[in-house]
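All remarks here apply to the structure that follows.
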Amino acid sequence: MEMVRTEHLTYTYSAGTPFQSTAIKDVDLSIESGEFVGLIGHTGSGKSTLIQHLNGLIRPDSGKVFIDGEDIWAEPKKIRRFRFKVGLVFQYPEYQLFEETVRKDIAFGPRNMGLSDDETAARVARASSAVGLGKEYLDKSPFELSGGEKRRVAIAGVLAMEPRVLILDEPTAGLDPRGREKILGEIKTYHENTGATIILVSHSMEDVARFASRVLIMDHGELAASGTVSEVFSRSEFLDAMGLSAPQVTRIFSELRRRGIDVPADVFTVERARDVLLSLLSKGGARK
Amino acid sequence: MMNDITFGQYFPGDSVIHRLDPRVKLVLTIAYIVMLFIADGLYPLLVGVVFAALFYAMARLPAKLIIKSMKPVVPIIVFTAVLNIFFIEGDPLWQWQFIKITREGVLTAVLMSIRILCLIAGSSLLTYTTSPIALTDGLERLMKPLAVIKVPVHELAMMMTIALRFIPTLIEETGKIISAQKARGADLESGTVMQRAKALVPILIPLFVSAFRRADELALAMECRCYRGGEGRTRMKQLSLTYRDWIACAVMTVGIAAVVFINLYGPEVFRL
């Protein structure tokens, strides 16, 4: 079933002033319920503008956004409804923390939804355990946590609204490798457990290749490509033209192929590369 | 929503006005304000209007921008005009019970409106055509004599530079925080005054936290580059007066002289 759809979405910043610039134009996209989609694109390609349309933070100049079949701007006064349905985690979300305790901060979203105290408490518990925050964290001040912990509190703050669609803008930016792995793993688990639709905005082709089933590419405000991971990442010239590049391991394998070694073209993750290499070795090595 | 603030913004360009020395521009702005206040009639004020129009034309700023920057002062002008029209004593032009409009009232209202418009136009021209850095540089140099009486001139100028530098950053940050809290369902647009004030807490706290964080980082970065105040500090850009600056000063002097002359010997009509 279709969860997210946009039709001819167009938005211009500072229209009618000398600073005018078109952020996105004529974007048509469709995302199925339960899909894990990677959204990639160069800096300034319109990714951030696009995702802010999906929960109604930005109202398009023209075009429509449908969530679960409903036009979100049909009744502008009820737009908040869609903010709960489509959870958006901004870049560096830890800068949005403001409450005295982690518990209260995570509860901010659910309380805005008007949920009962019991339901709020249950959601805080579920959301914090989803991001791997133990009970001992809940009564601490968010400002005394480490960077990675703050990030997880902020993500929990969005998860607690239990949105049907979860959009994450560079959720691992500025974290160390272990923190990255942890957060990505938690997002994957959340996806598997809840069946929510996930849109992951990332600069890291490796992350997108590992987790997403489909990839959308934005370029100069337009949706330049949409397809499965192998469809998109196997077109390396196309990616180069966008200022992007296939995952490193894919580039190594295409170089191997160029040198006449018989390896498949659809290697996008390190795990798959390992399996391919092991089977190659067991067959007697890569000698020509 | 925060992008509509044009007052005090700098619009880069390379017109004659842009290239004037910031010290000269500061002094001339003050001189222009003085000129507006000594002008005590319609004719001398017109000199001020002509000057403003001339300088704006020379600065080659878009007309749209000028109109936009005037918008926020319109209520103030209307308010002063209305007060003046109804509360100044003199020859009544029109009367209805205790409400009356006098000739003096109307005249004062018109003159005051022109004066306020010129004031705003003149002082915004300074910030439109002078980059914040040049402006504080100029201020620092102009106030240097005050250092003798222990005024921390350099520190004040540095504080101003930093404050100006961070205004756009903080505006951008505010926008981001507002979006992030709205994404969590924060309702900023409805409710009573109290509810709305409360709704600002989730925005103000992160904003303050980040302002302090930035201040810390900036202080550290400055210390890493051995900042130790103004003492012995040299400048990359030396300010020096050119023929342009002298011409500008001469023009302003002529303007003030003209205003004084018209004040003294001009026609008696439209006087206060």
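Things to note:
- When the square roots of the Cα gyration tensor eigenvalues are ordered a ≥ b ≥ c, the ratio a/c for chain B is 1.5 or more and a/b does not exceed b/c, which makes its shape oblate.
- Candidate membrane-span-like segments in chain B, meaning DSSP H helices with Cα atoms spread over at least 18 Å of their own axis and a Kyte-Doolittle mean of 1.6 or above, are B:22-38, B:42-59, B:74-87, with no membrane implied.
- Electrostatic dipole magnitude of region A:2-238 [Cβ: Lys, Arg +1; Asp, Glu -1; Cα centre; debye, to 20]: 400
- Peptides A:84-91, A:61-68 ranked from most to least packed, by the mean per-residue count of other Cβ atoms within 10 Å: A:84-91, A:61-68.
- Rounded to the nearest 20 debye, the dipole size of the protein assembly as shown about its Cα centre is 920 debye, using +1 on the Cβ of Lys and Arg and -1 on the Cβ of Asp and Glu.
- Loop-located GluC sites (Glu not before Pro) across region B:203-265 with a Cβ neighbour count of 10 or fewer within 10 Å are B:GLU231, with loop assigned by DSSP.
- Sorted by Cβ density within 10 Å, fewest first, the residues B:THR253, B:THR29: B:THR253, B:THR29
- Straight Cα distances below 14 angstrom link A:LYS77 to the aspartates and glutamates B:ASP187, B:GLU189, with same-chain residues fewer than 8 positions distant left out.
- Within a straight-line Cα-Cα reach of under 19 Å, B:LYS68 can be paired with the following aspartates and glutamates, leaving aside sequence neighbours fewer than 8 residues apart in one chain: B:ASP4.
- Region A:23-166 - Debye-derived log10 I(q)/I(0), Cα point model, q = 0.17, 0.21 Å⁻¹: -1.00, -1.29
- Global geometry of chain A, whether rounded, prolate or oblate, following the gyration tensor of its Cα atoms and the 1.5 cut on a/c: oblate
- Electrostatic tally near A:GLY34: other residues with Cβ closer than 14 Å to its Cβ, Lys and Arg +1, Asp and Glu -1, net -2.
- Ascending count of other beta-carbon atoms within 10 Å, so fewest first, for B:PHE87, A:PHE98: B:PHE87, A:PHE98
- Members of A:LYS78/A:LYS150; A:LYS135/B:LYS176; A:LYS135/A:LYS182; A:LYS150/B:LYS176; A:LYS104/B:LYS182; A:LYS104/A:LYS150 lying beyond 20 Å, as alpha-carbon distances in this model show: A:LYS78/A:LYS150; A:LYS135/B:LYS176
- Residue by residue along A:81-90, Cβ atoms of other protein chains within 10 Å of the local Cβ number 3 on average.
- The region of chain B that goes longest without hitting one of the trypsin sites (Lys or Arg not before Pro) in a DSSP loop, each with at most 15 other Cβ atoms within 10 Å, is B:61-149.
- For region A:247-288, the convex hull drawn through the C-alpha positions has a volume of 54 cubic angstrom per residue.
- Full-extension gain in nm, B:MET58 to B:GLU223, via 0.36 nm per residue minus C-alpha separation: 55.2 nm
- Loop sites in region B:86-142: GluC sites (Glu not before Pro), DSSP, at most 14 other Cβ within 10 Å: B:GLU89
- Shielding by partners - mean other protein chain Cβ count within 10 Å, residues of A:91-97: 5
- Note on B:ILE30 and B:LEU204: the extension gain reaches 59.1 nm, defined as 0.36 nm multiplied by sequence separation minus the Cα-Cα distance.
- Put the Cα centre of region B:156-223 next to the Cα centre of region A:217-237 and the gap is 37 Å.
- GNM top mover of B:VAL47, B:VAL153, B:VAL201 - chain B, alpha-carbon springs below 10 Å: B:VAL201
- Between the Cα long axis of helix A:270-282 and the first principal axis of chain A there is an angle of about 20°, rounded to the nearest 10.
- Percent of alpha-carbon pairs separated by more than 37 Å within the protein assembly as shown: 52
- On Cα atoms only, tilt of A:177-194 relative to the major axis of chain A in degrees: 70
- Tilt relative to chain A, helix A:248-258 - C-alpha long axis, 0 to 90 degrees, to 10: 20
- Dipole magnitude (debye, nearest 20) for region A:247-288, charges at Cβ of Lys, Arg, Asp, Glu: 240
- For region B:115-140 and region A:84-123, distance of Cα centres in Å: 44
Here, each number is a calculation from the coordinates, and none is a lab measurement. Since the model is a prediction, treat every value here as computed from it, not as a measurement. As a convention, Cβ positions derive from the backbone with ideal geometry for all residues, glycine included, and neighbour counts pool all protein chains shown.
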